Amino acid sequence: METRLIIDPPLTGTENMARDSALLEAGAPALRFYQWSPPCVSVGYFQNIEQDIDEEFLSREGCLLYTSDA
């Protein structure tokens with residue numbers, strides 16, 4: 001099976017995570033390079049937002065917080 005190279009333009013956190021989900025469902029190997037616009041922090045399933053993320057810092061810096069619940 002051939003690996004696809006995907007170079008995406010800057011996208012929102014929601015758009016980037018949707019693309020990741022679609023790639024996972026497709027099951028084909030892919031190497032994907034992406035950027036966030038606006039700046040975003042993606043929180044993993046097993047991360048604790050209250051413990052691992054400084055939300056005040058993100059707010060001051062203009063970064064959005066993306067979780068799978070968003």
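Summed over the stretch 48-62, the residues that are closer than 23 Å to residue 10 by Cβ, assigned to a loop (DSSP other than H, G, I, E, B) and open to solvent by 50 Å² or more (accessible area, probe 1.4 Å) give a count of 0.
Could you tell me whether residue 65 is exposed (fewer than 12 other Cβ atoms within 10 Å of the Cβ) and part of a strand (DSSP E or B)? Considered against the rule, which asks whether it is exposed (fewer than 12 other Cβ atoms within 10 Å of the Cβ) and part of a strand (DSSP E or B), residue 65 comes out as no.
Looking only at the stretch 15-37, decide whether some residue is in contact with a Cys (Cβ under 9 Å, 6 or more places away or on another chain), at pLDDT below 90 and open to solvent by 50 Å² or more (accessible area, probe 1.4 Å). The answer is no; no qualifying residue exists.
Looking across the stretch 38-47, just one residue is open to solvent by 90 Å² or more (accessible area, probe 1.4 Å) and either assigned to a helix (DSSP H, G or I) or closer than 24 Å to residue 6 by Cβ (or both), and that is 45.
The values are calculated or read from the model by the stated rules, or taken from the named source; none is laboratory data. Bear in mind that the values here come from a model prediction, so they are computed numbers and not experimental data. Cβ coordinates were reconstructed from backbone atoms using ideal geometry, including for glycine residues, and neighbour counts include every protein chain displayed. Keep in mind that these areas ignore ligands, DNA and RNA; they rest on the heavy atoms of the full protein, side chains included. Shrake-Rupley method; radii C 1.70, N 1.55, O 1.52, S 1.80 Å.
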